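Report on the structure given below.
Read the figures in this text as sums done on the coordinates, not as results from a lab. Worth saying up front: this structure is predicted, and the values here are computed from it rather than measured. With ideal geometry, Cβ positions are generated from the backbone for all residues, glycine too; neighbour counts draw on all protein chains shown.
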Amino acid sequence: MKSQDIRQKFLDFFESKQHTIVPSAPMVLKDDPTLMFVNSGMAPFKEYFLGNGQPKSNRLADSQKCLRVSGKHNDLEEVGYDTYHHTLFEMLGNWSFGDYFKKEAIAWAWELLTEVYGIDKDILYVTVFEGDNEDGTKLDQEAYDIWKQYISEDRILMGNKKDNFWEMGDQGPCGPCSEIHVDIRSAEEKAKVDGKSLVNEDHPQVVEIWNLVFMQYNRKADGSLEVLPSKHIDTGMGFERLCMVLQDVQSNYDTDVFTPLIREIETITDTDYGKDNQKDVAIRVISDHVRAVAFSIADGQLPSNNGAGYVIRRILRRAVRYGFTFLDKKEPFIYRLVDVLTKQMSKAFPELKAQKQLIENVIKEEEASFLRTLDQGLILLDSIIETSSSKEVSGAKVFELKDTYGFPEDLTDLILREKGYSYNKKEFKLKLEEQQARGKQASALQSDDWTVLIEDEEQEFIGYDALEANVKIVRYRKV
Ligand code: ATP
Ligand code: MG
Ligand code: MG
Ligand code: MG
């Protein structure tokens, strides 16, 4: 089954269960001080769960673009090294706002996976919150009793608070969750080690695919729990992981979500994926990062020197450096992947096609400008390592690399770690603070990289009028 069809089947299924299908919200958040990017399917609906406003239907479903590169969920360091964490990924979700609860959420998840998608139930495990009496949370017996109607009890595992209890923050709506995990190892491997012992243990073929959150409590300021008058369902399934299972491959990167990009990287860089471990990591990193950067630009966030824009710049520079060091690409090439990406994804995400030219131009320019200093920066970093008297190099020197050569701190950290080194973080921070203090004095006027001319909720984003230096002008059209 092609990834396009897998996504569509999810939406069709929940539509048949009276859900309203909504498009993905933009990934870049402008007015949430607690979050820079949407990092889960529920983020755009947060206010509804808090009781502010009403969704257009009390049953919704969608495929939400998520980015996990900062804050509470930061998977950046895993990306490329493992085969199932991405920076940008799609989270398929269905929601009930005070409507259906555990019985339906579990029944439908099971029906979709085993009947619609035809997944063999013998590769599935489910987890149930086992409770922690100190803070009033209890075993989720209700979920356990529902699950055992579908799956044998030896495949229902008990989970702790870290994996099986979801909270929005210190206060507010929260509740237990049940996760669905798959074990796609060979029969031979399964005979050697019981799958149960590998759930939640970072095994690349025993992975979590779907999280069903049952919001049934409100956490009060004193830490105690009260039962919510109306209960909600919030689910999130990793689309690329689901594709891995349904396409019968062992890695997200072997699904048709990634193979067109990987083939293109192989052609451009004259390498073969699957032959050399270090090159494979680089190819995975680049195919992942180009998606994150392209989708962010399409959503209106350009690379820049601060805030969300700097996160995007760091991701792109990370990709450039992997190409430079491990695939020997000394000139811009990542922008050339945008064409393949657009062809493949724009049916589901038309914003990519609408912004294609801008995305290519921005990525190409960013690549070119970083490549101009990357070579010299790497030479300098080598000399820092050579002249360092300990395995911890100077924080001031790492700061100089950032300041002069545009090496983001995490990139330098990554390169140092590859060589068995670290750097003095305290010293780095001090230098950064000194510079920021100087900057504040020098200019009272700070210009951001967002310039929105007119905007309200009833408008549709249609593009950029101009792109100049760090200023971008966004037009909106009434819909
Ligand atoms: P994991 O334990 O694998 O890191 P998670 O528990 O952090 O996942 P949730 O917050 O429960 O993930 O998100 C719901 C679903 O989104 C997960 O079950 C998984 O399928 C998917 N998912 C989470 N993080 C990523 C990621 N970085 N890349 C791709 N898919 C992801
Ligand atoms: Mg995680
Ligand atoms: Mg998990
Ligand atoms: Mg989870």
Filtered hits (lysines, Cα-Cα < 17 Å from residue 397, offset >= 8 within chain) -> 419, 425, 426, 429, 431
Can you give the net charge of the other residues whose Cβ lies under 14 Å from the Cβ of residue 197, counting K and R as +1 and D and E as -1? -1
Computed over the chain: relative contact order in percent, which uses C-alpha pairs under 8 Å that are six or more apart: 11
From the backbone phi of region 131-137, what are the Karplus-calculated ³J(HN,Hα) couplings (6.51 cos²θ - 1.76 cosθ + 1.60, θ = phi - 60°) in whole Hz, Gly and Pro given as x? x, 8, 5, 4, 9, x, 7
Residues meeting the amide H criterion for residue 64 (H placed from the backbone, H to H distance under 5 Å, 5 or more places apart or on another chain) are 91, 92, 93
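Using Cβ counts within 10 Å as a stand-in for footprinting exposure, how do 79, 227 rank, fewest first? Don't skip to the end; give the middle numbers.
Values: 79 22, 227 9.
Least to most surrounded, the residues fall as 227, 79.
Decide, for region 51-115, between rounded, prolate and oblate: order the square roots of the alpha carbon gyration tensor eigenvalues as a ≥ b ≥ c, take rounded if a/c falls under 1.5, and otherwise choose prolate if a/b is larger than b/c, else oblate.
Values: a/c = 2.98, a/b = 1.57, b/c = 1.90.
In terms of gyration-tensor shape, oblate.
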May I ask you to list the residues of region 412-426 whose amide nitrogen lies under 19 Å from a point 7 Å from Cα along the Cα→beta-carbon direction of residue 434? 423-426
For the chain, which span is the longest to avoid every loop-located (per DSSP) member of GluC sites (Glu not before Pro) having at most 14 other Cβ atoms inside 10 Å? 202-454
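With a/c under 1.5 counting as rounded, go ahead and sort region 3-246 into rounded, prolate or oblate using the C-alpha gyration tensor (a ≥ b ≥ c being the square roots of the eigenvalues; past the cut-off, prolate if a/b is larger than b/c, else oblate). Write down the numbers at each step before the final one.
Numbers: a/c = 1.35, a/b = 1.20, b/c = 1.13.
Note, shape of region 3-246 comes out rounded.
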Tabulate in residue order the Karplus-calculated ³J(HN,Hα) for region 232-248, using 6.51 cos²θ - 1.76 cosθ + 1.60 with θ = phi - 60°, rounded to whole Hz; enter x for Gly and Pro. 10, 10, 9, 10, x, 10, x, 4, 5, 5, 4, 4, 4, 5, 6, 8, 6
At what distance in angstrom do the alpha carbon centres of region 367-397 and region 199-276 lie from each other? 35
Cα-based reach from residue 347 at 30 Å (exclusive), listing lysines while leaving out same-chain residues under 8 positions away: 2, 9, 17, 30, 46, 56, 65, 356, 364, 472, 478
Sparse-neighbourhood loop sites, chymotrypsin sites (Phe, Trp or Tyr not before Pro) in region 37-94 - DSSP loop, at most 13 other Cβ within 10 angstrom: 81
Amide H contacts under 5 Å for residue 158, placed H, 5+ residues apart: 128
Report ³J(HN,Hα) in whole Hz for each residue of region 147-152, in order, from the Karplus equation J = 6.51 cos²θ - 1.76 cosθ + 1.60 where θ = phi - 60°; Gly and Pro get x. 4, 5, 6, 10, 9, 5
